[in-house]
């Protein structure tokens with residue numbers, strides 16, 4: 001009888017130790033990723049943006065992006081008009097990890113774009129944070145965030161998938177696929193006095209469709225300094 | 001016929017009412033431009049209120065191309081009245097003044113005289129549209145600058161690249177010209193039946209109003225005749241401002257979403273012009289002119 005008790009006790013102790021050490025691993029992993037992103041104080045990037053939302057017909061346009069620590073980000077179209085889902089595209093990993101504090105929970109492993117990843121759930125500690133929960137898929141060997149699923153208070157849930165190239169050492173992606181639920185966005189009716197017959201076709205096209213914004217970065221200028229006025 | 005066309009144009013541009021139309025258009029466009037220049041930001045905020053809760057829009061929405069689109073939407077409903085003022089007076093005006101019989105004593109066929117009158121009305125219509133293009137498009141471009149054209153249709157948003165807009169306006173104005181010439185042809189046809197100008201002018205506007213209502217109402221009984229009404233096709237200049245997208249939802253620059261709709265509408269409007277003018281000629285050739 002005492003032998004069984006001892007085995008149960010050892011088992012419970014083992015579970016506790018393993019879980020605790022995993023939590024420590026995950027916190028350490030997130031800290032390392034953050035440290036990598038911290039190498040970048042500011043950057044200016046140029047690239048192309050493609051908007052793929054069923055009810056928006058927009059041409060592919062050249063864009064310019066600006067980032068400055070701790071969480072300032074601006075996306076600017078190089079001439080022309082740009083339409084972006086609110087809050088989402090201006091969100092980046094630097095913003096999330098720069099938040100005052102977070103609790104990291106290990107959620108196992110997974111595979112994203114043929115890369116083995118550690119799944120980490122991040123819970124911001126502050127009550128006033130817009131982000132409620134963020135799930136990160138981290139490539140442990142390269143300390144890169146491959147994918148994130150973020151739920152916010154104001155702007156719903158959105159997914160970001162990133163692929164890296166020559167700026168991987170700074171944790172900066174070459175491509176970002178940003179997707180969100182386009183069904184949640186409603187267009188006002190009749191505001192332009194236009195009542196065309198395309199409603200049914202568009203509605204059919206929109207069924208279950210996710211909105212997507214694809215940004216392909218062609219170059220970064222890192223740590224060259226950016227004036228604060230640019231973000232106003 | 002060229003000499004007769006020149007005489008008819010002289011008659012049109014000698015009348016003060018001709019310039020009334022140009023003055024009215026100048027005033028209307030000026031008022032719209034002034035309003036949007038002063039309070040344009042509030043206007044766009046109001047129009048975009050619901051959309052802006054979900055999306056952020058960056059860029060100069062209130063540019064010359066957008067202003068011209070708004071002007072065309074508002075003006076092309078009222079321009080038929082200004083065209084009817086002249087076109088519906090072409091034959092009835094002569095009859096009213098008692099100069100029609102005298103006119104027909106000239107050594108020219110009735111067809112040639114009638115065609116010269118119709119072409120004069122067409123020239124007036126085209127000049128009116130050119131004036132709208134100068135005031136509505138070119139002046140707006142100067143006052144508000146240029147950028148991409150942002151349009152909110154009933155089910156979707158279209159952003160036309162700046163470099164892809166101007167030719168669309170050229171096409172839209174050509175189509176609008178065809179639509180307005182149809183109105184001129186209707187007024188010209190109706191002017192044959194009266195001996196004073198008011199009747200054909202009111203009749204032209206009445207036909208346009210009734211046909212527009214029938215074109216707008218979504219009642220199955222009228223749906224069968226809708227495709228044959230010229231008013232159902234007059235607004236299809238807007239088709240120039242919608243483009244195709246590929247499977248990846250990328251805009252195909254230089255394309256039109258429904259080119260066949262434009263071609264079909266153009267054919268129907270052209271058929272109406274031939275019908276109205278042809279009927280007027282046939283009836284006029286057989287008519288016993290007493291005034």
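The values are calculated or read from the model by the stated rules, or taken from the named source; none is laboratory data. Just so you know, these numbers come straight off a predicted model, no measurement behind them. Note: ideal-geometry Cβ built from the backbone for every residue, glycine included; neighbour counts use all protein chains shown.
Taking the range B:152-166 as the region of interest, how many residues are at the interface with chain A (Cβ under 7 Å from one of its Cβ atoms) and not in a loop (DSSP other than H, G, I, E, B)? Reasoning before the result, please.
From the range B:152-166, those at the interface with chain A (Cβ under 7 Å from one of its Cβ atoms) are B:152-159, B:161-162; that's our starting set.
Among the residues that remain, those that are also not in a loop (DSSP other than H, G, I, E, B) are: B:152, B:157-159, B:162.
Matching residues across the range B:152-166 total 5.
Going through B:57, B:77 one at a time, which residue ends up being at pLDDT below 90, surrounded by 13 or more Cβ atoms within 10 Å (Cβ to Cβ) and farther than 30 Å from residue B:277 by Cα? Spell out how you get there, then give the answer.
Details: B:77 fails: farther than 30 Å from residue B:277 by Cα.
Exactly one residue qualifies, and that residue is B:57.
Based on this model, can you work out whether residue B:189 counts as in contact with a strand residue (DSSP E or B) (Cβ under 8 Å, 6 or more places away or on another chain), surrounded by 23 or more Cβ atoms within 10 Å (Cβ to Cβ) and either part of a helix (DSSP H, G or I) or modelled with pLDDT under 95 (or both)? It would help to see each step written out before you state the result.
Values: in contact with a strand residue (DSSP E or B) (Cβ under 8 Å, 6 or more places away or on another chain): no; surrounded by 23 or more Cβ atoms within 10 Å (Cβ to Cβ): yes; either part of a helix (DSSP H, G or I) or modelled with pLDDT under 95 (or both): yes.
Taking the combined requirement at face value, the residue does not satisfy it.
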ask   = For the range B:235-261, what are the residues that are more than 16 Å from residue B:156 (Cα to Cα) and outside any loop (DSSP other than H, G, I, E, B)?
value = B:236, B:237, B:259, B:260, B:261
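Could you list, in sequence order, the residues of the range A:57-67 that are at the interface with chain B (Cβ under 7 Å from one of its Cβ atoms) and buried (at least 20 other Cβ atoms within 10 Å of the Cβ)? Reasoning before the result, please.
Let us first name the residues in the range A:57-67 that are at the interface with chain B (Cβ under 7 Å from one of its Cβ atoms), namely A:57-60.
Within the range A:57-67, A:57, A:58, A:59 qualify.
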request  = Give, as residue ranges, the helices (runs of 4 or more DSSP H) completely inside the range B:27-118 that count at least 2 residues that are under 18 Å from residue B:150 (Cα atoms).
outcome  = B:49-54, B:64-87
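Just for the range B:52-66: of the residues that are touching a residue at least 40 places away in the same chain (Cβ under 8 Å) and touching a strand residue (DSSP E or B) at 6+ places or on another chain (Cβ under 7 Å), which one is nearest to the other protein chains (Cβ to nearest Cβ)?
First pass over the range B:52-66, keeping only residues touching a residue at least 40 places away in the same chain (Cβ under 8 Å): B:57, B:59-66.
Now drop any that are not touching a strand residue (DSSP E or B) at 6+ places or on another chain (Cβ under 7 Å), which leaves B:57, B:59, B:61, B:65-66.
On the way: B:57: 5, B:59: 3, B:61: 6, B:65: 11, B:66: 10 Å.
Going through the qualifying residues, I end up with B:59.
Report yes if residue B:175 is in contact with a strand residue (DSSP E or B) (Cβ under 9 Å, 6 or more places away or on another chain) and either at pLDDT below 90 or not in a loop (DSSP other than H, G, I, E, B) (or both), otherwise no.
Numbers: in contact with a strand residue (DSSP E or B) (Cβ under 9 Å, 6 or more places away or on another chain): no; either at pLDDT below 90 or not in a loop (DSSP other than H, G, I, E, B) (or both): yes.
It is false that residue B:175 is in contact with a strand residue (DSSP E or B) (Cβ under 9 Å, 6 or more places away or on another chain) and either at pLDDT below 90 or not in a loop (DSSP other than H, G, I, E, B) (or both).
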inquiry  = Anything in the range B:253-274 that is surrounded by 14 or more Cβ atoms within 10 Å (Cβ to Cβ) and touching a strand residue (DSSP E or B) at 6+ places or on another chain (Cβ under 9 Å)? List them, or say none.
reply    = B:257
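What residue, of B:182, B:125, B:212, is within 19 Å of the chain's Cα centre (by Cα), part of a helix (DSSP H, G or I), within 14 Å of another protein chain (Cβ to nearest Cβ) and over 30 Å from residue A:53 (Cα atoms)? Show your work before the answer.
Values: B:182 fails: within 14 Å of another protein chain (Cβ to nearest Cβ); B:125 fails: within 14 Å of another protein chain (Cβ to nearest Cβ).
After ruling out the rest, the residue left standing is B:212.
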ask   = (1) buried (at least 19 other Cβ atoms within 10 Å of the Cβ); (2) more than 19 Å from residue B:237 (Cβ to Cβ); (3) without any contact (Cβ under 8 Å) to a residue 60 or more places away in the chain: which one isn't true of residue B:93, the others all being true?
value = (3)
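Go through the residues of the range B:129-150 one by one and say whether even a single one is within 14 Å of another protein chain (Cβ to nearest Cβ), part of a helix (DSSP H, G or I), on the phi < 0 side of the Ramachandran plot and touching a residue at least 12 places away in the same chain (Cβ under 8 Å). Reasoning before the result, please.
Within the range B:129-150, the first condition is being within 14 Å of another protein chain (Cβ to nearest Cβ), and the residues that meet it are B:144-150.
Narrowing further to those that are part of a helix (DSSP H, G or I): B:144.
This time we only want the ones that are on the phi < 0 side of the Ramachandran plot, so: B:144.
Subset that is touching a residue at least 12 places away in the same chain (Cβ under 8 Å): B:144.
Taking every residue of the range B:129-150 in turn, at least one turns out to be within 14 Å of another protein chain (Cβ to nearest Cβ), part of a helix (DSSP H, G or I), on the phi < 0 side of the Ramachandran plot and touching a residue at least 12 places away in the same chain (Cβ under 8 Å).
Residue-by-condition table, conditions (1) touching a residue at least 24 places away in the same chain (Cβ under 8 Å); (2) over 29 Å from residue B:166 (Cα atoms); (3) within 14 Å of chain A (Cβ to nearest Cβ):
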{"site": "B:206", "(1), (2), (3)": "no, yes, no"}
{"site": "B:225", "(1), (2), (3)": "no, yes, no"}
{"site": "B:236", "(1), (2), (3)": "yes, no, yes"}
{"site": "B:242", "(1), (2), (3)": "yes, no, yes"}
{"site": "B:255", "(1), (2), (3)": "no, no, yes"}
{"site": "B:277", "(1), (2), (3)": "yes, yes, no"}
{"site": "B:285", "(1), (2), (3)": "yes, yes, no"}
remark   = Note on the range B:204-225: residues farther than 15 Å from residue B:78 by Cα and surrounded by 12 or more Cβ atoms within 10 Å (Cβ to Cβ) are B:214, B:215, B:216, B:222, B:225
query = Which of the residues belonging to the range A:205-222 are modelled with pLDDT of 60 or more and either under 25 Å from residue B:261 (Cβ atoms) or touching a helix residue (DSSP H, G or I) at 6+ places or on another chain (Cβ under 9 Å) (or both)?
reply = A:209, A:210, A:211, A:212, A:220, A:222
